[in-house]
Amino acid sequence: MFASKDGEVVVLHDPTLERMWGLEKPVTEVTWNEIQQLGHGNLRIPLLKDVLPLFENTSCVLMIDMEERHPAHQAWEVASQSKATIYWCGDLEGMKIIRSLDEKAHIWMPWNDTVAITKNDIEELKPDFINSQYSFLTKAKVDAIHDMGCKVSVWTVDDEATMRWAKAIGIDSITTNELALLQKVLQETPPTAKTYANINDVEVDQAMRVARDLGKWAIGFSRWWNPVQIQTKKNAADIVTEVDLLVEAHIREVISANFPGHHFLGEEFGGTYKENIAAWYLDPVDGTTNFANRMPWSSMSLALAFNRTPLLGIVIDPWREDLFEAQRDKGALHNGKPLKIENIKVDNPLASRIVSTELAAYQSWPGMLKLLDLLAENFCTMRIMGSGTLTLTGVALNRGVGAVIGHYSPIDHLAACIIVHEAGGVVMDETGTINLFPEKGGIMTATPAAAQKLYQIWMDAIN
């Protein structure tokens with residue numbers, strides 16, 4: 001909702017008239033006379049005073065959402081003349097104006113921050129609801145808000161897995177474009193923990209849908225949200241951002257709401273390997289140093305395995321809005337399109353090509369510098385980009401012919417390995433065995449043509 005240049009309160013989602021009406025001007029710079037000429041027939045922008053009568057003498061509630069503070073006073077003057085039940089949300093300063101005008105107003109307070117809201121934050125506004133983009137909430141934060149006497153609303157949840165999570169952690173109101181799906185989820189019996197006799201019992205297809213939706217969410221959140229506070233872990237080069245912590249917390253809760261009983265191992269909150277249980281492996285931001293320095297080369301890695309057999313993997317490149325995925329025996333995809341590795345046979349598959357690697361934190365790993373020399377002897381160039389997940393995954397996109405990582409971790413690398421494997425690539429451990437989940441040592445991904453030669457050079461380097 002916005003006010004026109006001459007002070008009329010119009011009901012419109014966008015701050016400009018360009019997307020829907022082709023006029024490249026903000027609503028605030030156009031008079032009501034000009035606005036009401038747009039469109040045709042009944043397809044025109046309405047005034048708030050014309051909308052309000054539709055909600056009078058009904059059980060419906062009208063929520064007035066203001067993107068800016070400026071129309072707050074005019075909007076309240078119009079709404080105060082109506083008998084409709086009205087809730088207010090949107091710009092925080094606008095909400096403060098509404099509260100100053102009406103001590104009985106129903107206000108939904110916006111809160112989109114990684115920091116938890118406190119009693120002091122809500123003292124002036126006295127809201128009915130805390131209204132947040134769902135990414136910022138956890139069960140602990142929802143419980144804390146309830147303890148302060150407020151309800152919780154989230155926007156905009158359009159996928160089934162996140163709806164199930166919102167229901168599970170006690171969120172009171174969900175904004176969605178998929179109302180029928182939300183009603184279905186709200187009516188269903190919550191899932192219960194399952195045990196699996198063997199790998200074929202795991203609900204991999206459903207897990208793939210959930211993982212894919214989480215990948216899409218993480219692309220948007222990781223791309224547009226700043227690192228915020230940066231903390232060190234083991235040393236000054238080992239860092240974690242608030243985004244790492246928030247992404248892992250959210251994904252853990254969504255997985256738990258959809259698959260209670262599944263195990264979880266994450267970069268930030270830990271976990272240990274367990275046999276005979278479906279387990280998820282997550283690095284919420286792989287390439288945290290890049291991310292913290294706004295270097296556009298970082299990723300998220302999410303994989304599901306049973307014992308040491310990988311079942312699915314998701315890798316995102318948020319900077320290019322890329323989603324890579326693979327499911328056991330079902331191939332690999334890049335943004336929904338099949339991935340297939342080239343198999344070009346030449347005398348020397350490394351010549352004029354690229355092989356990538358990554359540092360061990362901020363140092364070279366044993367044999368890395370020797371690998372550089374041996375690749376140079378084959379007229380092959382080494383690249384170090386700063387995200388082991390993307391480095392290994394790159395082979396599936398024919399970005400170079402191979403990648404070598406000095407130390408394998410399923411949290412960082414399992415998803416990439418299944419993607420390369422399902423795309424037709426070769427994934428080897430230090431013994432030369434095709435192995436997507438080695439218990440020790442490093443890992444190599446390569447095109448079929450380059451695999452044997454690169455493996456031999458890798459072994460020569462580390463031995």
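A few comments on the model shown:
- Neighbour-count ranking [beta-carbon atoms within 10 angstrom, fewest first] of Ile457, Ile314: Ile457, Ile314
- Principal axis dimensions, the range 2-187 - Cα atoms, whole angstrom, descending: 50, 37, 35
- For Arg294, Arg99, order by how many other beta-carbon atoms lie within 10 Å, fewest first: Arg294, Arg99
- Remark: spin-label model distance Ala180-Asp373 equals 6.7 nm, labels positioned 7 Å along the Cα→Cβ axis.
- Once exposed loop chymotrypsin sites (Phe, Trp or Tyr not before Pro) are cut out (DSSP; at most 11 other Cβ, 10 Å), longest piece of the chain: 1-361
- Each residue in His13, His413 was given a count of other beta-carbon atoms within 10 angstrom of its own, and listing them fewest first yields His13, His413.
- Sum of -39500 (n - 2.57) over DSSP H runs of 4+, divided by residues of the chain (222 nm, nearest 500): -9000 deg cm²/dmol
- Sparsely packed loop sites in the range 38-129 (the GluC sites (Glu not before Pro) outside DSSP H, G, I, E and B with at most 10 other Cβ atoms within 10 Å) comprise Glu103, Glu123.
- The range 336-394 and the range 86-113 have Cα centres lying 55 Å from one another.
- Contour excess over end-to-end distance, with Cα ends at Thr114 and Gln74 and 0.36 nm allotted per residue: 11.2 nm
- Here r is the Cβ-Cβ distance between Asp50 and Asp201 and R0 is 51 Å; the resulting FRET efficiency, rounded to 0.05, is 0.30.
- In the range 254-323, the GluC sites (Glu not before Pro) that fall in loop regions by DSSP, at most 10 other Cβ within 10 Å: Glu275
- Centroid-to-centroid separation of the range 1-46 and the range 118-185 [C-alpha atoms, Å]: 31
- Cleavage-rule hits (trypsin sites (Lys or Arg not before Pro)) in the range 313-404: DSSP loop, at most 10 neighbouring Cβ within 10 angstrom: Lys345
- Computed from the Cβ-Cβ distance with R0 of 45 Å, the FRET efficiency linking Lys194 to Lys337 stands at 0.85.
Each reported figure results from applying straightforward, stated rules to the coordinates on display, with no laboratory input. The structure presented is a predicted model; accordingly, all values stated were derived computationally and were not measured. Using ideal geometry, Cβ is built from the backbone for each residue, glycine included, and neighbour counts are taken over all protein chains shown.
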